[in-house]
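A short write-up of the structure that comes next.
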Amino acid sequence: MCGIVAYIGPKDATPFLLEGLARLEYRGYDSAGVAVAGRTGGIKVRKVKGRVADLAAAVPARFKGGTGIGHTRWATHGVPSDANAHPHQDNAERIAVVHNGIIENADELRARLTAEGAVFRSETDTEVLAHLIAAHATEGVELEEAVRAALGKVVGTYGIAVLDAEQPDRIVVARNGSPIVLGIGEKEMFAASDVSALVRYTRQVVHLEDGELATVRADGFRTSTEDARTTHRQPSTVDWEIDSYDTGGYEHFLLKEIHEQPGSVERTLSGRLDERFATAHLGGLNLDARELREIRRVKILGCGSAYYAGEMGAQLIEELARIPAHSEPASEFRYRNPVIEADTLYIAVSQSGETYDTLAAVQEVKRKGGRVLGVVNTVGSAIARECDGGIYLHAGPEISVASTKAFTSTVIAFALLALHFGRIHDLSPADGRRIVAALKALPDQIREVLAQSDAIAGLAAEYADSEGMMFIGRVRGYPVAREGAQKLKEISYVHAEAYPASELKHGPLALISPELPTVALVPDDELLDKNLTTLGEIKARSGRVLAVAHRAPEAKLADHCILVPKSEPELDPLLLNIPLQLLAYHAAVALKRDVDKPRNLAKSVTVE
Ligand code: AGP
């Protein structure tokens, strides 16, 4: 998705802008651009279709200025091209704007501005902002006022940064549905759509709220609302480490993040297990035991992998706490006028905390008086702030577009919540102890799976050129199959379909052939015999089978097997998923895909 960076201070803005944009590359983009207000007056702009490296090559040595904005664009209105790349300017080239989000009434505004004499040079919705702001930036009007007046005419979502050639001592930023964070430096200020662009320079940040604007000068900032009321914002400290933003010797961020999982799981668990009472402590829930006992149902909302992690979470809550729980795509939920029940606990799941559909679902629940907890990785993100309480994952920044360590930590967070709920309800101390011990064992068990990376690479190379792959699992195994198929699709572009193993003979068995191999989740649990029968049915149709199992099935039932250490049955899905991450990764490498930035995808989807 699009990225924004901005700098104002005594140094030359350009190096920061280019480095900040490079740090935002992981979000996915198709073009990039920068603008600086030069000390000699005027605004210089460079923008190109392609990579940040192409932009850096196109920026001449004389491209200097102490105030600047930059952008990586992910096309929504208009094809990827130099002209459609941001920043956009008005015809007098006084204003330059970068924008994340979508201006819904852009066509109407464009027609009106054209009638007033504006000449448009791009197909983007953003360009209307440049012309609109310029139209309001009349003699004696502060840039913030011109931006506020322009935004008053706009319908849609935005995070913007605006530069004015006539007021180069400031940048104005604004947020409505698309994140903007300010970074506070020593006599210099930064702004970005994502803290990852800032952490090399400052850890002191301020997250703007929706409907807020800020005038940012080198020596500080002032925030206010859309209707010009001053707001008071306290900085918070970012605790993510700078080396999280480097590949650290791994070939890709994705491989690094897969291998970070023993540590990220330890952080998610840290300080939250109570061995004495065989339960979990979750400080941020803001719900006491009495309130939790009144909850009759749990509804989990997330998108993509967050939704699948929610499916595993629902299973954990039902099994350990015996409370009916269900996961639903937030992107569907928000549009179906959902019934919100007072005794249902809603849980929003999001790694980034900025996914627009999930945020909108949270807002829908809250508007109707429901109570929402967040299971979120990014501290201070929009969803985290919108929720009534929740659990932070502490998985560390996840850079690769495909979610791995945040997915695993989300399932851990649900296991902790389910344990906590369970022990308030009828989960026995013995069962509580069983789960606590199993959770503590997970980091080492994940290490055991990761040690098989090379062997899994060999299997991936063998299966990668298949015409597609089927993923099957029963009950606890089904969300694992869904996430496994999702990961393979996302990064290798191999078609993959997930089915409950029990449903195979109700339709998809017709697809089984040597060209369509099946990845089968075969845990050693009460459904083992049923799963083995399904493998027999596949083999009888000449299907190839790659089993992910606790015990290798007979050779006649599986062509290959990846063995996974056994946990408690409730937690087995989490471990069964790890080899599927490696399988997808190595298949993508074998097929020479752009692993960390798969085509057409963005790290956080901040538009509808
Ligand atoms: C995961 O691999 C995907 N990139 C995607 O499905 C993602 O999980 C989804 O867009 C939700 O993102 P979030 O967790 O940041 O809300």
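The values are calculated or read from the model by the stated rules, or taken from the named source; none is laboratory data. Here the structure is a predicted model, which means the values were calculated and not measured. Cβ coordinates were reconstructed from backbone atoms using ideal geometry, including for glycine residues, and neighbour counts include every protein chain displayed. Each accessible area value is taken on the protein alone, full model and side chains, heavy atoms only, with ligands, DNA and RNA left out. Shrake-Rupley method; radii C 1.70, N 1.55, O 1.52, S 1.80 Å.
In straight-distance terms, cross-link reach from Lys556 covers every one of the aspartates and glutamates whose alpha-carbon lies under 12 Å from its own, apart from those fewer than eight places away in the same chain; here that gives Glu537. Taken over segment 135-186, the convex hull of the Cα atoms encloses 80 Å³ per residue. Taking every alpha-carbon pair under 8 Å whose residues sit at least 6 apart, the chain reaches a relative contact order of 12 percent.
Computed from the Kirkwood radius of its Cα pairs, the Stokes-Einstein diffusion coefficient for segment 363-407 at 20 °C and 1.002 mPa s stands at 185 µm²/s. Overall shape: oblate for segment 89-176, with the ratio a/c of the largest to smallest alpha carbon gyration tensor axis at 1.5 or above and b/c at least equal to a/b.
Tilt of helix 572-590 relative to the longest C-alpha principal axis of the chain, in degrees (0 to 90, nearest 10)? With rounding to tens, the tilt is 60 degrees.
In the chain, the portion of solvent-accessible area held by carbon and sulfur atoms comes to 49 percent [1.4 Å probe, whole percent, DNA, RNA and ligands not counted]. Seen through its C-alpha gyration tensor, with square-root eigenvalues sorted a ≥ b ≥ c, segment 225-312 comes out oblate because a/c lies at 1.5 or above while a/b is not bigger than b/c.
When only alpha carbons of the chain are considered, Rg and Dmax amount to 25.5, 82 Å.
Summing charges over all other residues whose Cβ lies under 10 Å from the Cβ of Gly177, with Lys and Arg as +1 and Asp and Glu as -1, gives -2. Per residue, the accessible area of the chain comes to 37 Å², computed with a 1.4 Å probe over protein heavy atoms only. Each Lys or Arg adds one and each Asp or Glu takes one away; over the other residues whose Cβ falls under 15 Å from the Cβ of Asp107, this sums to -2. Computed extension gain for Arg385 through Arg336, at 0.36 nm per residue and net of the alpha carbon distance, reaches 15.2 nm. Between the C-alpha center of segment 78-153 and that of segment 593-608 there is a gap of 27 Å.
Straightening the chain between Lys153 and Lys592 buys 153.4 nm, computed as 0.36 nm per residue apart minus the Cα-Cα spacing. With 10 Å bins beginning at zero, the pair-distance distribution over Cα atoms of segment 159-248 amounts to 17, 49, 27, 6, 1 %.
Segment Thr138..Leu563, full-extension length gain: 146.0 nm, with 0.36 nm per residue of separation and the alpha-carbon distance subtracted. Projecting the Cα atoms of Leu571, Ala418, Thr231 onto the dipole axis of the chain, where Lys and Arg carry +1 and Asp and Glu carry -1 at the beta carbon, places Thr231 farthest toward the positive end. For segment 260-271, the Karplus equation 6.51 cos²θ - 1.76 cosθ + 1.60, evaluated at θ = phi - 60°, returns couplings of 6, 4, x, x, 5, 5, 4, 5, 5, 7, 3, x Hz by residue, with Gly and Pro reported as x. Once you have a ≥ b ≥ c as the square roots of the Cα gyration tensor eigenvalues for segment 371-527, tell me rounded if a/c is under 1.5, and otherwise prolate or oblate according to whether a/b is larger than b/c. Cα axes put segment 371-527 in the prolate bin. Between Asp239 and Asp54, the simple spin-label model (points 7 angstrom out along Cα→Cβ) gives 4.1 nm.
Pairwise inverse Cα distances across segment 1-124, averaged and inverted, put the Kirkwood hydrodynamic radius at 14.7 Å. Placing R0 at 30 angstrom, the Cβ-Cβ distance between Ala552 and His506 gives a FRET efficiency of 0.60 after rounding to 0.05.
All C-alpha to C-alpha distances of segment 283-334, sorted into 10 Å bins beginning at zero, yield P(r) values of 26, 45, 28, 1 percent in whole numbers.
Hey, if you put +1 on the Cβ of every Lys and Arg and -1 on every Asp and Glu Cβ in the chain, which of Gly185, Gly50, Tyr307 ends up farthest toward the positive end of that dipole? Comparing the listed Cα positions along the dipole, Gly185 ranks first. Computed from label points 7 Å out along Cα-Cβ, the spacing between Gln204 and Asp82 is 4.2 nm. Rounded to the nearest 0.05, the FRET efficiency derived from the C-beta distance between Ala61 and His495 at R0 = 51 Å is 0.60.
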